[in-house]
Amino acid sequence: MEAYKWDKLEDPKTWIRILSLEPGAVNEPLVGTLESAILDSECRYDATSYCVGPTDTPHQILLRKQDKSYALPITSSLLGMLRRFRSLTETRRLWIDAVCIDQTDDQEKADQIMLMRNIYTLTRRVLIYLGEPDETTASATELMDRIYRAVRETPADLELRPLEWQIHNRIPLVTEPWGWEPLKDFFCRPWFVRKWTIQECVLPPSTTFHCGVWEVEWDFMNVVNAAIYGKGLAVLDHTNYSKVDLQTQLQQGLAQFHAVANFRNAFTTTGRRYQLMHTIYHFQASRATDLRDHLFALLGLASDADSPTLRPTYGEATVLDNCLRYAWFFLARKNNLEVLYRAGVQGHKLLAPSWVPNWYGKQMDFGFEYAQGPWDPLRRPAFYNIGRGTQVEIEPVPDPTILRKTPRLKGVVIDQVRLLANRHLDISPDQVQDKDFLLAQKRRHVEECDAIVSTLSTYPTGEALETALWKTLICGVTLDIQRAPEEPYAAAYLAWRKCQRHEFSDRQDMLSLQQRQQPFREAHDAFNGDKILGSTAAGYMGMFNKSTRADDIVVAFFGGEFPFVLRPRQSLGEDPDLGDFELIGQCYIHGLLEDGQFDIKSSKHEAQWFQLGGEYEVEHPFQPGGIVRSQ
């Protein structure tokens, strides 16, 4: 049969196609018609959300055009979804990206992606297809039903601790990992880790989830998700999942759906949308077949993504081209250093030069790759501003049509890294990293911190060295990003030290110390657990990322709030694309960030231009060792 060819949309920026799927029995051929319509509140359709899966197209749907039918090849997962959603008696109007967008037209794809927000907010509802059931699905859905009923039927005035709640409602305990295997299988379904599915669940007014004949509304899944995290249910324990090769996917699937629920609840109750940079980093571990979609798939969720500069480009535009374009937008168009706070050498291979963020993140530590607390450019403490009184200065680009790989920013060198408490990081890959091992590593880091402090006789601010140390370890702020007061934080720090060294006489003393350490421990672990302490040539202490080395320089850029660590590059001949410095990352230097501690405009500081670059390569995040250079 002749292949189907899409007719041009009258205006792909305002029009969409809708599939009218004709009724039929499960095994009958799929038949439908594509109709064009203006996307507005009068346009009636159901949108769909599913995981594409294998991209080969061994099946087809027959699309009528005038008096003739044409074949459109489709994937196996799309075949399953269309058969599941097809009515036996009525025509269904559906919007499906793979059918309703001309996949051979890069220009149309870009225009339609910019319409996604409206497509999913103006739909009647989104039908979320999780796939067909398997041998554990019935047990998983039955367990979720028990969790849902337990939440709904527990009296509001009945105060139960999580464990008591589980026992009261006969929910499997953490000591019964086999009871959670079916639900772990359920959250390993590919839909839960895909990038495009995020906005498809967050934006619509109504959503229903489908797995075979099983069907539930959003409220059901939202309640189950809240119980999983609020009650600490054992489905979260991916380490006891019998399918070892899927443990990471389980961890990511649960975490991504939890983040999706938070975004959807905020969007539907208050209309809140997050900035694109924040959104990208909140979902940076989710997966996309085309690496470029790690940027494009979230445009519909962002509050600042309407600029033509961010318009998707496919065709010959590579991953690097798009990453540079987005990075330049955040750096130059927004005139702040937000993009730099998200970038830097973080011990992994980079998607682009060091000043461009690693947009797609890693497989592990879902949700914790993006900056948090005082490191988050959207939550900076107002009292920290090392570039106080200045604006970002970027050397103008001679030809704005050419995306330079190396921006030049003005700033001043303020110090140099001298010592780092990072010897505990020198471990062989085969060492077992269980709980006891990790606790031992923390104790070693504390010992290394003490060794650094012992090299200082006084602190430049006049504070006692111990005071400067505990304030540095938490960047001087509380869990809610306020100044950390002497009390209870000084006492909490001492209790934390005793807990680290196991300096308690009995169980009661241990419990008392654990309680007293909480304010300090919460601030440290939430924001700085992945940072290391170091000292500078001028005698300051600071918190740095783990890729920092001795002799790296500390620079304050004009218009910046936190300083940055830069690494001078070796002589690289005449190649300007490699830059003069690698951006290692932002840092905290205790005693330099508050008003009156450092004046970047002082004549004693020599301002200079810093050209940021670094070598780059594209590493596919879900195919270790697979280098992708062209897409």
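The values are calculated or read from the model by the stated rules, or taken from the named source; none is laboratory data. Quick caveat, the model's predicted, so the values are computed rather than measured. All Cβ positions, even for glycine, are placed from backbone atoms using ideal geometry, and neighbour counts span all protein chains on display.
Selection within the stretch 69-108: residues that are over 17 Å from Glu28 (Cβ atoms), of a type in the set (A, V, I, L, M) and part of a helix (DSSP H, G or I). The member of this set that is modelled with the highest pLDDT is Val99.
Is it true that Trp15 is closer than 23 Å to Glu200 by Cβ, out of contact with any His (no Cβ under 7 Å at 6 or more places or on another chain) and surrounded by 21 or more Cβ atoms within 10 Å (Cβ to Cβ)? In short, no. Against the numbered list (1) more than 17 Å from Tyr45 (Cα to Cα); (2) free of Cβ contacts under 8 Å to residues at least 60 places away in the same chain; (3) surrounded by fewer than 21 Cβ atoms within 10 Å (Cβ to Cβ); (4) not charged (D, E, K, R), Ala98 comes up short only at (1).
Residue by residue, here is whether (1) at negative phi; (2) buried (at least 22 other Cβ atoms within 10 Å of the Cβ); (3) of a type outside the set (S, T, N, Q); (4) assigned by TED's automatic domain parsing to the domain that holds Cys51 holds:
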site: Gln247; (1), (2), (3), (4): yes, no, no, no
site: Leu250; (1), (2), (3), (4): yes, yes, yes, no
site: Ala288; (1), (2), (3), (4): yes, no, yes, no
site: Gly300; (1), (2), (3), (4): yes, yes, yes, no
site: Phe329; (1), (2), (3), (4): yes, no, yes, no
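State yes or no: is Thr270 at pLDDT 95 or above and polar (S, T, N, Q)? The answer is no for Thr270. Looking at the stretch 137-214, the helices (runs of 4 or more DSSP H) lying wholly inside it that each contain 2 or more residues that are touching a Ser or Thr at 6+ places or on another chain (Cβ under 9 Å) sit at 162-168, 181-186, 197-202.
Pick from Leu79, Leu63, Leu88: which is surrounded by 16 or more Cβ atoms within 10 Å (Cβ to Cβ), of a type in the set (A, V, I, L, M, F, W, C) and farther than 22 Å from Ala288 by Cβ?
Numbers: Leu79 fails: farther than 22 Å from Ala288 by Cβ; Leu88 fails: surrounded by 16 or more Cβ atoms within 10 Å (Cβ to Cβ).
Just a single option satisfies the conditions, and that option is Leu63.
Where in the stretch 465-541 are there helices (runs of 4 or more DSSP H), lying fully within it, with 2 or more residues that are among the aromatic types (Phe, Trp, Tyr)?
Numbers: elements: 465-473, 486-500, 507-516, 518-528.
The qualifying helices (runs of 4 or more DSSP H) are 486-500, 518-528.
Within the stretch 225-233, can one find any residue that is under 23 Å from Tyr120 (Cα atoms) and modelled with pLDDT of 95 or more? The answer is yes, given that some residue of the stretch 225-233 is under 23 Å from Tyr120 (Cα atoms) and modelled with pLDDT of 95 or more. Screening Phe562 against (1) closer than 16 Å to Ala421 by Cα; (2) in contact with a Leu (Cβ under 8 Å, 6 or more places away or on another chain); (3) in a loop (DSSP other than H, G, I, E, B) leaves a single unmet condition, (1). Each residue in the stretch 306-327 was checked for being small (Gly, Ala, Ser) and buried (at least 22 other Cβ atoms within 10 Å of the Cβ), and 1 pass. Which members of the stretch 40-56 meet the condition of being surrounded by fewer than 19 Cβ atoms within 10 Å (Cβ to Cβ), within 18 Å of Arg93 (Cα to Cα) and touching a residue at least 40 places away in the same chain (Cβ under 8 Å)? Asp40, Ser41, Cys43, Arg44 - these are the residues of the stretch 40-56 that are surrounded by fewer than 19 Cβ atoms within 10 Å (Cβ to Cβ), within 18 Å of Arg93 (Cα to Cα) and touching a residue at least 40 places away in the same chain (Cβ under 8 Å).
Quick one: how many residues across the stretch 230-245 are in a helix (DSSP H, G or I) and in contact (Cβ under 8 Å) with a residue 60 or more places away in the chain? Write out each step before concluding.
Of the stretch 230-245, the ones in a helix (DSSP H, G or I) are 230, 234-236, 238-240, 244-245.
Remaining after also requiring in contact (Cβ under 8 Å) with a residue 60 or more places away in the chain: 230, 234, 240.
Residues meeting the conditions: 3.
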